[in-house]
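Student: Here you go, one structure.
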Amino acid sequence: MSSDSSKKRKPKVIRTDGGPQEGKRGKADAEQDIRYYSEECEVDLRDPIKDYELYRETCQELQRLMAEIQELKSRGIKDNVRRSLQSLIYCLLCVHFMTLKKLNFFLKKGRDQTHEAKQKVDAYHLQLQNLLYEVMHLQKEITKCLEFKSKHEEIELVSLEEFYKEAPPEISRPAITLAEPHQQTLARLDWELEQRKRLAEKYKECLTSKEKILKEIEVKKEYLSSLQPRLNSIMQASLPVQEYLFMPFDQAHKQYETARHLPPPLYVLFVQASAYGQACDKKLVVAIEGSVEEAKALYKPPEDSQDDESDSDVEEEQTTKRRRPTLGVQLDDKRKEMLKRHPLAVTIDLKCKDENVLHLTFYYLMNLNVMTVKAKVTTAMELTAAISAGDLLSPDSILNCLYPGDHGRKTPNPANQFQFDKVGILTLSDYVTELGHPYVWVQKLGGLHFPKDQPQACWHGSDVPSCPQHTVTADNSLSASHMELTVKLLRSRLQSRLALHKQFASLAPLALAEHCSAPLWGCSSPGSTVPGVSGFSPHRGLELVILEASSNPKGCVVALCPAKLQAAVVVNPGYSTLPPVFSLCLNWKGERTSSNDDNIRAMESEVNVDYKELWGPKPGYQLLTNQLQRLCMVLDVYLETEPHDPSVEGPKEFPQEKMCLRLVRGPMRLKPFKFNYPQGFFSHR
């Protein structure tokens, strides 16, 4: 402790009265500077571990001294002695406190040094982080460079063969590029650039020529727009000439403009019917009727949603004040919507040589995807209303069975039945009066094809069964293939119905002979005839009555007093291609029919089986009249060849006037019903 305290003592400084003279400092001054004590210099020389040991020893010594002072106070020592000891202890305490103060100074200096060293470490750490970040950035850049894809990889370059074939040597440089792929790629890119420059120049030239052509087009458009009013004025001026020469070009143009708004099936029908009329049938007239504005409204886009919302709000306010429609009313509205027709319709007028016209109006049901037709007959002369004619010219039946089995009472589209079930429609036949008949041939004329209800029994050649179609399309070829035959059948049907109507009208007052186109039978007594009927004597009281019938079969009574022959006649809609069929019943001495009398069956065979002899000249529209006349003749033969009952007095009830080779033949005792023309006699078949 004494050594440490002596070190801390400041050195004595000797001063002179006059003060130090500059320039005359000697060796003593230098030694005095060397002996000067500096704590800051000592800090650098001291060992921190030794300072720590000194600090711990000093603290322990302070604890010991404090304990001695406490012990001295607790002992009963004299005051003089105690004071001297305490002063000594206090001196030691001061020395130790000075040592702690000195150590504290050393500690502060060490703390500053530590802080400086820490700052240096932080600076080095920051530099390390920066270097690591730079390394990471460089690694990313290296990765990008390794993964870099050049734009030339996306360019479709010409093949190598084409490149060396077309490129000039100054670009291709085969001596270099063949050995170095990089130089080869650069050369190919140079060639691509050269080609694109040429194409760019060519593109500019094309744009220039395009602009010139567009200017020419604009000039021609202006010329055409100024030409249209002139053409319209010329067309208006030529209308009288068109009417005089029967060349309605203006009307045809308007029709084709209207045809643009037709649905596909009606458009196909219009085009094919017009083409057929121009090429093959000058008496076929095709036209379009209906509202074009309504047809245009079907294809208009819906209005803005805001207007719809405002309208819906107004409707909601109105409906809240009204009662809601019942379920029945809703179904009626759904049925009307389901059976809605297109606003436009196609009309076809078929004119005959005798100026009779069959008017056909074709409609298209949009939701059912089928076509319907309505018919109407206009005659050149007013027809006599025959009671027995029934509905021969009725619009609902005149087109019935134009093709075999086609009655037009149900829809040909199988999908319609599922649509009917949703709205409660049992069958379309309840609405054909209003909508028209959906015949199969009508669908084919419109280019519509639907699968058949039943599959074909067998398939020949390349025929295959039809498959159901999900969408209905209009086929022009299908319409064209059925147009000619259908038009011929329609015209034939009109002529046959008119002829049949005329026959029924003439049969009522017994005017058979004037319509007979086949040879007359039984002319053995030409002088005695009933007015209008050849070959029958007036004393027999022949009477022919056509009974009223609402539909086929029709009733016919031939009365030959006291015999009466009743005939039920079934007239097929395809008359006269298909002959009428007769069923006979003779009321004379009992009821005789084909079931109990072989001769009655032979009479039926004479008019039903051998009808070809009664056709006469084609098309054989007078077949029914000829069959009735033949029936009257065979009735004569039947009655005249009956044997006379010897038990009855008087002459024979029906004297024989017909010439017969044999009256009866065979075990069934058949009578001679075959008439031989022109010999004029009857024989057996």
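The values are calculated or read from the model by the stated rules, or taken from the named source; none is laboratory data. If you're wondering where the values come from, they're calculated on a predicted model, not measured in any experiment. Using ideal geometry, Cβ is built from the backbone for each residue, glycine included, and neighbour counts are taken over all protein chains shown.
Student: Residues of region 403-427 being in contact with a Phe, Trp or Tyr (Cβ under 6 Å, 6 or more places away or on another chain) and not charged (D, E, K, R), which ones?
Tutor: 403, 408, 412, 413, listed by residue number.
Student: Just checking, how many residues over region 643-685 are touching a residue at least 24 places away in the same chain (Cβ under 8 Å) and aliphatic (A, V, I, L, M)?
Tutor: Adding up the residues that qualify gives 3.
Student: With respect to residue 290, determine if the residue is on the phi > 0 side of the Ramachandran plot and either at pLDDT 85 or above or not assigned by TED's automatic domain parsing to the domain that holds residue 410 (or both).
Tutor: yes
Student: Further, regarding this structure: Could you look through region 44-97, keep only residues that are modelled with pLDDT under 80 and among the small types (Gly, Ala, Ser), and pick out the one that is farthest from residue 108 (Cα to Cα)?
Tutor: Going through the qualifying residues, I end up with 76.
Student: Another question, then. In region 591-609, what residues are aliphatic (A, V, I, L, M) and outside any helix (DSSP H, G or I)?
Tutor: Correct list: 609 only.
Student: Considering only region 368-384, how many residues are part of a strand (DSSP E or B) and not polar (S, T, N, Q)?
Tutor: The qualifying residues number 7.
Student: Something else: Name the single residue that is farthest from residue 478 (Cα to Cα) among those in region 257-292 being without any contact (Cβ under 8 Å) to a residue 24 or more places away in the chain and surrounded by fewer than 13 Cβ atoms within 10 Å (Cβ to Cβ).
Tutor: Ranking the candidates gives 257 first.
Student: Another question, if that's okay. What number goes with the only condition from (1) closer than 30 Å to residue 366 by Cα; (2) assigned to a helix (DSSP H, G or I) that residue 183 does not pass?
Tutor: That leaves (1) as the condition not met.
Student: Of the residues 242, 272, 278, which is among the polar types (S, T, N, Q), at negative phi and modelled with pLDDT under 85?
Tutor: Sole residue among the options that is among the polar types (S, T, N, Q), at negative phi and modelled with pLDDT under 85: 242.
Student: Moving to a separate point now. I need the full set of residues from region 335-394 which are modelled with pLDDT of 85 or more, over 30 Å from the mean Cα position of the chain (by Cα) and among the acidic types (Asp, Glu), in order please.
Tutor: Residue satisfying the conditions is 349 alone.
Student: Considering every residue within region 627-638, establish whether at least one is in a helix (DSSP H, G or I) and within 60 Å of the chain's Cα centre (by Cα).
Tutor: yes
Student: Right, next: From the list 640, 606, 653, 657, which residue is at pLDDT below 80 and charged (D, E, K, R)?
Tutor: The conditions single out 653.
Student: Moving to a separate point now. Is at least one residue of region 581-596 closer than 30 Å to residue 489 by Cα, touching a Leu at 6+ places or on another chain (Cβ under 8 Å) and at pLDDT 80 or above?
Tutor: Taking every residue of region 581-596 in turn, at least one turns out to be closer than 30 Å to residue 489 by Cα, touching a Leu at 6+ places or on another chain (Cβ under 8 Å) and at pLDDT 80 or above.
Student: Kindly check whether there is at least one residue in region 172-180 that is out of contact with any Gly (no Cβ under 6 Å at 6 or more places or on another chain) and surrounded by fewer than 10 Cβ atoms within 10 Å (Cβ to Cβ).
Tutor: Yes, the conditions are met somewhere in region 172-180.
Student: Another one. Kindly establish whether residue 638 is loosely packed, with under 14 Cβ neighbours inside 10 Å and assigned by TED's automatic domain parsing to the domain that holds residue 565.
Tutor: no
Student: Can you spot a residue in region 652-659 that is surrounded by fewer than 16 Cβ atoms within 10 Å (Cβ to Cβ), at positive phi and assigned to a loop (DSSP other than H, G, I, E, B)?
Tutor: No, region 652-659 contains no residue that is surrounded by fewer than 16 Cβ atoms within 10 Å (Cβ to Cβ), at positive phi and assigned to a loop (DSSP other than H, G, I, E, B).
Student: So the check is Cβ under 9 Å with 6+ separation or different chains; which pairs have a first residue in region 221-237 that's more than 22 Å from residue 252 (Cα to Cα) and basic (Lys, Arg) and a second one that's surrounded by fewer than 10 Cβ atoms within 10 Å (Cβ to Cβ) and modelled with pLDDT under 85?
Tutor: none
Student: Scan region 622-645 for residues that are in contact with a helix residue (DSSP H, G or I) (Cβ under 9 Å, 6 or more places away or on another chain) and among the charged types (D, E, K, R) and report the count.
Tutor: Qualifying residue count for the region: 2.
Student: Okay, moving on. Picking from 131, 103, 138, which residue would you name as being under 30 Å from residue 65 (Cα atoms), assigned by TED's automatic domain parsing to the domain that holds residue 53 and surrounded by 10 or more Cβ atoms within 10 Å (Cβ to Cβ)?
Tutor: The conditions single out 103.
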